[in-house]
Amino acid sequence: MQKILLTILIYLMTTQIVAINCYSVEPDEFLQNPKKELRARNISKNVRCLVCQNQSIDESSAALAKDLRILIRIKIEQGNSDEEIYSFLTERYGDFILLNPPFKISTLLLWVLPFVFLAIGIFVIFLHNNKSKKLDYNK
Amino acid sequence: MKKGILISPIILFFLILLVFFYLLIIDRNPSELPSMLINKKVPTFEAELLLEDKIFISPGEFRNETTLVNFFATWCKPCFDEHPYLKKLSDERGLKIIGINYKDDSKRAVKWLEKLGNPYSNVLLDPNARLGIDWGVYGLPETFIVNSDGVIKYRLVGPITKKNYDAFVLKVKEVEK
């Protein structure tokens with residue numbers, strides 16, 4: 001019984017892994033040059049699909065994602081740098097199209113707040129520790 | 001002091017809860033994105049026309065009057081629903097509307113306009129979504145209001161409907177001022 005359950009579990013886990021690694025780039029989109037294709041794939045992984053907003057255009061099969069994937073490859077073939085392609089996209093769709101938000105004044109809180117909370121947490125623990133130590137000595 | 005430390009996480013928790021609840025109940029569409037093109041010049045592009053054998057050149061064509069730019073396709077049901085309101089805007093208000101036929105079959109588009117009427121001064125072809133991407137379009141229909149200087153002043157994502165028609169006309173008037 002345990003063995004059966006284990007195999008089912010392993011089966012589910014592996015299929016899940018396969019599902020996580022899936023992507024939507026179609027063979028006819030591939031660039032001939034593998035180096036350039038790799039660059040295109042890397043950029044696509046950082047670009048949000050605006051139709052299904054929590055997927056990158058690398059994973060999404062939405063029509064807009066396909067159009068953007070093709071456009072990125074055309075831009076690479078035209079000799080554009082990665083930065084030029086990213087700024088081309090953000091000029092039209094805003095920073096939201098980047099899955100990794102850039103460090104800017106408007107996103108400062110987003111980046112800094114976790115560390116602020118961490119500092120507060122450490123401070124509180126430190127304070128608490130100090131107090132309990134003092135209590136022990138008094139006894 | 002000790003009481004303060006004990007109580008503050010609870011207060012913080014309820015504050016965060018309050019923020020979440022506020023965001024939940026306010027009337028807001030999280031899938032609607034602000035346009036990056038507001039207060040910017042219309043993109044520079046050239047496009048073929050659906051009904052004439054001519055090339056449309058932007059921004060040259062965006063001068064002298066307030067213009068609407070409407071992305072549509074025959075495969076898009078909300079575009080069909082929106083069509084009578086575009087007709088109304090062009091017939092009753094004499095607005096210049098430029099249609100951009102997004103990733104569509106040209107024959108179908110011609111038939112569609114013959115059947116439903118043509119509110120557009122020009123119908124541009126965008127077979128590979130290149131114009132759509134230039135305008136930051138991510139879902140059809142989308143309508144832009146461009147002022148007489150060729151500057152984009154407003155974008156509506158989704159169709160013009162009975163519900164938002166008056167508000168939309170108000171926006172147009174604001175831009176026309």
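The values are calculated or read from the model by the stated rules, or taken from the named source; none is laboratory data. Predicted model only: the values in this text are computed from it and were never measured. Here the Cβ is made from the backbone with ideal geometry for all residues, glycine too, and neighbour counts use every protein chain on show. Areas reflect the complete protein model, heavy atoms only, side chains present, ligands, DNA and RNA absent. Shrake-Rupley method; radii C 1.70, N 1.55, O 1.52, S 1.80 Å.
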Task: Answer from A:F123, A:F115 - the residue that is more than 14 Å from every other protein chain (Cβ to nearest Cβ), closer than 30 Å to B:I7 by Cα and at pLDDT 90 or above - done: A:F115
- [ ] Please determine, by comparing only the residues of the stretch A:84-97 that are among the hydrophobic types (A, V, I, L, M, F, W, C) and out of contact with any helix residue (DSSP H, G or I) (no Cβ under 6 Å at 6 or more places or on another chain), which one is nearest to B:R155 (Cα to Cα).
- [x] A:F96
Open item on the list: Could you tell me how many of the residues in the stretch A:11-45 are modelled with pLDDT of 75 or more and either in contact with a Ser or Thr (Cβ under 6 Å, 6 or more places away or on another chain) or over 23 Å from A:L89 (Cβ atoms) (or both)?
Closed with: 3
Open item on the list: For the stretch A:68-86, which positions are within 13 Å of chain B (Cβ to nearest Cβ) and open to solvent by less than 50 Å² (accessible area, probe 1.4 Å)?
Closed with: A:L68, A:R69, A:L71, A:I72, A:R73, A:K75, A:I85
TODO: Please specify each residue of the stretch A:49-67 satisfying the condition of being more than 7 Å from chain B (Cβ to nearest Cβ), hydrophobic (A, V, I, L, M, F, W, C) and either crowded, with 22+ Cβ neighbours inside 10 Å or in contact (Cβ under 8 Å) with a residue 60 or more places away in the chain (or both).
DONE: A:C49, A:I57, A:A65
Task: Options B:I100, B:I133; residue that is in contact (Cβ under 8 Å) with a residue 12 or more places away in the chain and closer than 29 Å to A:L50 by Cα - done: B:I100
- [ ] Within the stretch B:8-28, identify whether any single residue is under 27 Å from B:G150 (Cβ atoms) and either in contact (Cβ under 8 Å) with a residue 60 or more places away in the chain or within 14 Å of chain A (Cβ to nearest Cβ) (or both), and answer yes or no.
- [x] no
